[in-house]
Each structure stands twice: as structure tokens, then as C-alpha cells.
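The values are calculated or read from the model by the stated rules, or taken from the named source; none is laboratory data. These numbers were taken from a predicted model, which means no experiment stands behind them. Every residue, glycine among them, receives a Cβ derived from its backbone with ideal geometry; neighbour counts consider all protein chains shown. Only protein heavy atoms, including side chains, enter the accessible area calculation; ligands, DNA and RNA are left aside. Shrake-Rupley method; radii C 1.70, N 1.55, O 1.52, S 1.80 Å.
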Amino acid sequence: MDTALIFKVVGIGLLVSVSYQILNKSGRDEQAMLVTLSGVVIVLLMMVNEISDLLTKIRELFGL
């Protein structure tokens, strides 16, 4: 796993958390929830290849 991917995930997490706090304090709860949901989806899309590689290695390890 590349450290650049970890830094990207941390950066997105920070941006999402700051955006959520700003929107939540200004009374825009629905938009804050959408920002959080979109952040989770973006991170999951970034992690698809890593999860696929992990599952492939597990299959090879157990001979499935």
C-alpha cells in the first residue's frame, strides 16, 4: 500500500470534517450529511483496487 493513498484519505477526511462542521453550525444539516456521504463514497472508490488486491491475495493464500 502506498503512503500517498494514506495521505489522500487523511486529506479527504480533514476536508470533509471541516466542511461538515461549518455546514452543521450554519444550520445546513442536510448538506452536511451529503458532504459526509460523498466523502465516504470517494474514499471507498479510491480503495476499490486495494480491496480487490487484498481479496486476491487471500484467495491465493487459502487456495480458493
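Listed values, structure above:
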item: Residues of the range 12-41 satisfying the condition of being loosely packed, with under 11 Cβ neighbours inside 10 Å and under 10 Å from the mean Cα position of the chain (by Cα); result: 41
item: Residues of the range 8-49 that turn out to be touching a helix residue (DSSP H, G or I) at 6+ places or on another chain (Cβ under 7 Å) and among the charged types (D, E, K, R), as a count; result: 1
item: Some residue of the range 43-62 being of a type in the set (A, V, I, L, M), loosely packed, with under 11 Cβ neighbours inside 10 Å, outside any helix (DSSP H, G or I) and modelled with pLDDT under 95; result: no
item: Pair list, Cβ < 8 Å and 6+ apart or interchain, from the range 50-64 residues that are of a type in the set (Asp, Glu) to residues that are open to solvent by 80 Å² or more (accessible area, probe 1.4 Å) and outside any helix (DSSP H, G or I); result: 50/1
